[in-house]
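Take a look at the structure below.
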Amino acid sequence: MVSRATRSPFASWWWTVDRLTLAAIITLMLGGIVLSLAASPPVATRIGLDPFYFVGRHIMYLIPALVLMLAVSLLSPRLIRRSALVVFAISFVLVIMTQFYGAEVKGAHRWIIIAGVNIQPSEFLKPAFVILVAWLFAESAKKPDVPANTIALALLVASVVALVMQPDFGQTMLISLVWGALFFMAGMRMVWVVGLTGVASFGLFSAYYFVPYIARRIKRFLDPASGDTFQIDNSLESFMRGGWFGRGPGEGTVKRILPDSHADFVFAVAAEEFGIVLCLVLVALFAFIVLRALTNAMRNEDPFARFATAGLAILFGAQSAINMSVNLALIPAKGMTLPFISYGGSSMISLAYGMGMLLALMRERPSAEGMASQQRIATAGIPA
Amino acid sequence: MTDHNPDASAEMPLAPRTPPQALHRRSVQAILYGRGVDRAKKAKARLGLAILAFSIVYLIIGGRLVLYALTPEGPVAQRRVSGDAVATSRPDILDRRGEVLATDVMTPSLFAEPRRIIDSDEAAELLTAVMPDLDHSDLRERLGSRRGFVWLKREISAKQQTEVHHLGVPGLGFLTENKRVYPNGPEVSHVIGHVNVDNQGTAGIEKWLDSTGLADLHRAGFASDRDQKPVQLSIDLRVQHALRDELVAAHRKFKTIAAAGIVLDVRTGEVVAMVSLPDYDSNNPREANDPTKFNRLTTGIFEMGSTFKAITLGMGLDSGKMNLATTFDARLPLRYGRFKISDYHAQNRVLSIPEIFTYSSNIGAARVALKLGVEEHKSFLRKLGQLDRLRTELPESREPQVPKRWGELNTVTIAFGHGLSVAPLQAVMGVAALLNGGKLIPPTFLKRSEQEANALAKQVVKPETSVQMRYLMRLNAEKGSAGKADVKGYYVGGKTGTAEKVVNGRYSKTKLMTDFMAVLPSDDPRYLVLIMLDEPQIIPETKGFATASWNAAPTAANVISRIGPLLGLVPRFDLPTADRQILASSKPTR
């Protein structure tokens, strides 16, 4: 057992980190392996790979992800801001580069190969973006003379343009949502809430009118008879076939015909093989992490830590909620992975980075006033 | 951007003079956030809203999950299964004589609507009496469920259907489903292709049928009855069978990797038979995924070897710059840079055009092409359709592999059939044009009349050139390498070809692709036969040789002797030699 008396870095981390959230995240990671065992072999065999190819890769990515998450959770808020700036700059450049060097997969340029590793830079953009925006809104409250609002808006516009060029509407939607939520929390007046909602609806409408596949998906959602609802039908069938306790591991049949069973439709496979009860446990885990982080943010007095915690929690929560809702046909089909459960190297590492920062920001630390005075003492000795 | 300095933030609001820029920002702040608001308090309240929103979203997801857990397997599954059963019927495919190559078989399938069944125990009792192979307890369970639709047995016999009908149980019904059947199995597989489980064509003529509008009909919900006009192919099933039978024998005898053959009507461009071994059974389309089983005649491209000399010499004779008596120096191998072109049957003397053909002289063919030059060579091959992708009804086709930079060396090698890879069907079309009076007719797999063919035909060489080519082909059977294919009575002419296969970027001396093109009868061509063998092995019978005249030519002879009578060719015996029968008889027209 770790002693409270000693002040080793590990001890101080262990006693300040939110151990329940950490446990929930690690449970999700382990659950991801089990569900990958169920969901990915049919996909692997369909494309002529070893049945456990994706399982192996999943585990291979999970180890560095776990290490990264724990390492990031040791960082101070200041280091988190600085590293986020670096990560954002690099991934933004990479997102732009995918336009020119990335391979085209299903009509989009999202991937880029660096040193033999296939990377989806937009995944790394997301958490870094959230941190930067949280920082800017926190600054805008503290220091009115810094053009923080303008910079925050510029960041949003630049990121949205870069992502729409790929095109990646899912990620665009996510970051716009988080940006809007943070702006809202930063104390925006209700007039602007109405205005922003208007802009967002305008964005959705233009996507509906100018991007044919989005229009098709929405129409299909509103009227399933208007087109091919193969994936959704099969997904729903999985839930019904599964029942409370599932058909048992390996007994799923619908997963064999679901094209993205290891990525976007893992949740449905989980339902068929392990039952609705397990799905409810998954929902509870996601809800627990998100709600606990938001509650923590509410208590936190430091504006940056508050906004950043809330932003990361909303990012994580929105992604999980959208994925599960698509699986359940509650909203139109939108390709989005289920955090830590779906297969995807970039997504896994990026999530670990985001959750690591969340854990770091949620750590108990002396209150903001105390910290500021402490810092003043610390910096007093250093000549400016 | 750097991290802010806490000292500065503490001092800034107290600064005596506010710069105008800061004033401007402050007004922006006021517009965005309002004046005199405790933003920290506001943030707390709004975080509370976010917590509420997420709680609601997750509760909805959980609620939906619980709802699904409570519904038994429901309407979604049903809709999908019954949707599949909408009968997609396809027209029959017939051969040129009306034999069925592909047809739909309608089979009834038995389903039940459990909600409408009054007494499920009685129904199960009665059904098992008629169909003892149904599991009684399972049946009772299915009929007793409250679902709207369940399959009881797919594809039952007509007798069973009547018996079930006579039971008079309410809530039972039949759906007719279509199943595509190919009575000839693998016989014509590469031509007709196959369909997938939904009866949609995925290869061959079946796919072509869908592309001609059948698929649209299906989508619109028509085409579900059997009133569709059958499609008649150019294939003659009997000829197809004879060709396949002989190719199977040759495939086995010479232990080849692959064997393929075409019989083409040179007057109409109809493909009367086409076989590519190894083939697959259209009834089991999964076999077609085997990569060795592709159609070598349309999807494969090959260097055709010496058979291409027919095209080279045809070009020479048609140019007017040479005639049958023109001679070319073949005394020494032709040196071209670091390449040396020599003859397989080296004569080491000056050869006339007929000699170049019968001795299959590489040097001679190269000199003929060089005399005309690169540009003329290229444009002739283009005119003959050898440089562009050949498209037929079969969706499977491949672009020929044409050298990107075509220099004199390319012309030299292409003259004797190396360095240009074409689909074999394409080469057959080109040679047919040289023999049928000079008309290039696009080949077809559908039945076609001579008038229709003439309407499509393009005159590519003079009729006189065609006569000379017939003479050369026949002469080669009388004196040259095609002797083993001279089936008595059909006045066969032909040209052998042996191409060295490229192995690891080099031409291999031991891995050969042999082919043989035969025309019958030579004096008034009706059919062109192509036989191709991929890597035939030396067997005792061939005396140490693996070249075309020892395997492809005898195979062609076997095929011709079997298909000649089927094609209605009347055997004629004791005909004079080629110079008198072909050249002399056509003299007056020149």
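The values are calculated or read from the model by the stated rules, or taken from the named source; none is laboratory data. Keep in mind that this is a model prediction, so the values were computed, not measured. Note that each Cβ is placed from the backbone with ideal geometry, even for glycine, and that neighbours are counted across all protein chains shown. Surface accessibility is based on the protein's heavy atoms, side chains included, excluding ligands, DNA and RNA. Shrake-Rupley method; radii C 1.70, N 1.55, O 1.52, S 1.80 Å.
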- Query: How far, in nm, would the chain grow between A:E251 and A:L79 when pulled straight, counting 0.36 nm per residue and subtracting the alpha carbon separation?
  - Reply: 57.2 nm
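Using 0.36 nm times the number of residues separating A:M97 and A:V194, minus their current alpha carbon distance, what extension gain do you get? Before the final figure, lay out each step's value.
Numbers: separation 97, 0.36 × 97 = 34.92 nm, distance 3.56 nm.
Difference between extended and current length: 31.4 nm.
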- Query: Near the amide H of B:A423, under 5 Å away, which other amide H atoms are found, from residues 5 or more places off or on another chain, if H is placed in the peptide plane?
  - Reply: B:F302
- Query: Amide H to amide H, which residues 5 or more places from A:S261 or on other chains are under 5 Å from it, using H placed in the peptide plane?
  - Reply: none
- Message: I'd like the distance separating the alpha-carbon centroids of the range B:124-194 and the range A:253-328, in whole Å.
- Response: 44 Å
- Over chain A, with every protein chain in place, what whole percent of the accessible area is carbon and sulfur at 1.4 Å, could you tell me? 71 percent
- Query: Could you give me the ³J(HN,Hα) list for the range A:340-356, computed from phi with Karplus coefficients 6.51, -1.76, 1.60 and θ = phi - 60°, whole Hz, x at Gly and Pro?
  - Reply: 6, 9, 5, 7, x, x, 4, 5, 5, 5, 5, 5, 4, 4, x, 5, x
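In what order, largest first, do A:V130, A:V194, A:V157 sit by accessible area if the probe radius is 1.4 Å? Intermediate results must be reported in sequence, preceding the final value.
Working: A:V130 0, A:V194 105, A:V157 80 Å².
Final ranking, largest accessible area leading: A:V194, A:V157, A:V130.
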- Message: Suppose R0 equals 51 Å. What FRET efficiency, 1/(1 + (r/R0)^6) with r the Cβ-Cβ distance, do B:E375 and B:V181 give to the nearest 0.05?
- Response: 0.45
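For B:Y359, what is the net charge nearby, where nearby means another residue's Cβ is under 15 Å from its Cβ and Lys, Arg count +1, Asp, Glu -1? Intermediate results must be reported in sequence, preceding the final value.
Working: positive: B:K309, B:R331, B:R349, B:R367, B:K479, B:K495; negative: B:D329, B:D343, B:E355, B:E478.
The answer is +2.
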- Message: With n ≥ 4 as the cut-off for DSSP H runs, can you work out [θ] at 222 nm for the protein assembly as shown, using -39500 (n - 2.57) per run divided by the number of residues, rounded to the nearest 500?
- Response: -16500 deg cm²/dmol
- Whole-Hz ³J(HN,Hα) from phi, Karplus 6.51 cos²θ - 1.76 cosθ + 1.60, for the range B:105-114, glycine and proline x: 10, 8, 10, x, 10, 9, 10, 10, 10, x
- Message: What is the distance in Å between the Cα centroid of the range B:373-442 and that of the range A:175-201?
- Response: 66 Å
- Length gain on complete extension for the stretch B:R506 to B:K255, per 0.36 nm per residue less the alpha carbon to alpha carbon distance? 88.1 nm
- If one takes the longest principal axis of the Cα atoms in chain B, at what angle in degrees, from 0 to 90 and to the nearest 10, does the Cα axis of helix B:237-253 lie? 80 degrees
- For chain B, the longest principal axis of the Cα atoms and the Cα long axis of helix B:158-167 enclose an angle in degrees, to the nearest 10, of 30 degrees
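Which FRET efficiency, nearest 0.05, do B:K543 and B:S352 yield, Cβ-Cβ r, R0 25 Å?
On the way: r = 29 Å, r/R0 = 1.17.
In this case the efficiency is close to 0.30.
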- Task: For B:E399, put the label point 7 Å out on the Cα→Cβ axis and report which residues of the range B:408-439 keep their amide N under 20 Å from it.
- Result: B:419-427
- Alpha-carbon centroid distance for the pair the range B:461-481 / the range B:289-323, whole angstrom: 16 Å
- Query: Build a GNM of chain A with springs between Cα atoms under 10 Å: which of A:T337, A:T197, A:T27 gets the top mean-square fluctuation?
  - Reply: A:T197
- How far apart, in nm, are the 7 Å Cα→Cβ label points at B:V100 and B:A45? 8.1 nm
- Item | Longest segment of chain A lacking trypsin sites (Lys or Arg not before Pro) that sit in a DSSP loop with at most 13 other Cβ atoms within 10 Å | A:107-384
- Query: What ³J(HN,Hα) values, in whole Hz, does the Karplus curve 6.51 cos²θ - 1.76 cosθ + 1.60 give for the range A:155-162 when θ = phi - 60°, with x put for Gly and Pro?
  - Reply: 4, 4, 4, 4, 5, 5, 4, 4
- Can you list residues whose amide H is under 5 Å from B:V272's amide H, if they're 5+ apart or on another chain and H is modeled 1.01 Å from N? B:V263, B:L264, B:D265
- Note on the structure: Of A:I33, A:I131, A:I114, the most mobile residue in a GNM of chain A (C-alpha springs, cutoff 10 Å) is A:I114
- Query: Between A:S201 and B:D329, what is the label-to-label distance in nm when each label sits 7 Å out along the Cα-to-Cβ direction?
  - Reply: 9.0 nm
- Just which residues of the range A:327-344 lose 20 Å² or more accessible area with every protein chain there, against their chain alone, with the probe set to 1.4 Å? A:L328, A:L330
- Query: Separation between the A:V86 and A:V67 pseudo-spin-labels, each 7 Å from Cα along Cα→Cβ, expressed in nm?
  - Reply: 1.7 nm
